[in-house]
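The values are calculated or read from the model by the stated rules, or taken from the named source; none is laboratory data. All figures in this text were calculated on a predicted structure; none of them were measured in a lab. Cβ placement follows ideal geometry from the backbone for every residue including glycine, while neighbour counts extend to all protein chains displayed. Heads up: the accessible areas ignore ligands, DNA and RNA and are worked out on the full protein's heavy atoms, side chains in. Shrake-Rupley method; radii C 1.70, N 1.55, O 1.52, S 1.80 Å.
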Amino acid sequence: MTKMKVGFLPLYLKLYDDVLGSMRKRIDAFNSTIQQTLRDCGLDIVAAPVWRERAEFDSAVEMFSNVCAVITLHLAYSPSLESIEALERMDKPIIVLDTTPTF
């Protein structure tokens, strides 16, 4: 059985790294946990780094050219709109994991 290949795009805000850099260890751990959970469910994950700025998200268009869908993960309470133009250009279904590490 062939695994479904999906892009995985973690959304974060540069402001949080600039102001609260100490949070990043917990954020990265949560990101890794979610990716591994999706792999355990049988998905072939093409994972982008934790990106925060428009130029970074623009790289995802090419990176995800051969996936069937893109999963986004909110690593901050307020996801960055820096990604919206890149997501629109992908012309792929978007699956939004509207969750953060903080309840």
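Tell me, yes or no, whether the range 21-35 has at least one residue that is surrounded by 13 or more Cβ atoms within 10 Å (Cβ to Cβ), farther than 18 Å from Asp98 by Cβ and under 12 Å from the mean Cα position of the chain (by Cα).
Yes, the range 21-35 contains a residue that is surrounded by 13 or more Cβ atoms within 10 Å (Cβ to Cβ), farther than 18 Å from Asp98 by Cβ and under 12 Å from the mean Cα position of the chain (by Cα).
Given the conditions (1) buried (at least 16 other Cβ atoms within 10 Å of the Cβ); (2) part of a helix (DSSP H, G or I); (3) of a type in the set (A, V, I, L, M), which single one is not true for Ile71?
Here Ile71 clears every test but (2).
Quick one: in the range 36-57, which of the residues that are crowded, with 16+ Cβ neighbours inside 10 Å and in a helix (DSSP H, G or I) is nearest to the chain's Cα centre (by Cα)?
Ranking the candidates gives Phe57 first.
Where the second residue is at pLDDT below 90 and crowded, with 17+ Cβ neighbours inside 10 Å and the first is over 19 Å from Arg89 (Cβ atoms) and of a type in the set (A, V, I, L, M) and lies in the range 41-63, which pairs have Cβ atoms under 8 Å and are six or more apart or on separate chains?
Sorted first by the residue in the range 41-63, then by its partner, the pairs are Val50/Tyr12; Val50/Ile27; Val50/Leu75.
Which one of Asp98, Asp91 is open to solvent by 70 Å² or more (accessible area, probe 1.4 Å), free of Cβ contacts under 8 Å to residues at least 60 places away in the same chain and farther than 13 Å from Leu11 by Cα?
Testing whether each residue is open to solvent by 70 Å² or more (accessible area, probe 1.4 Å), free of Cβ contacts under 8 Å to residues at least 60 places away in the same chain and farther than 13 Å from Leu11 by Cα leaves just Asp91.
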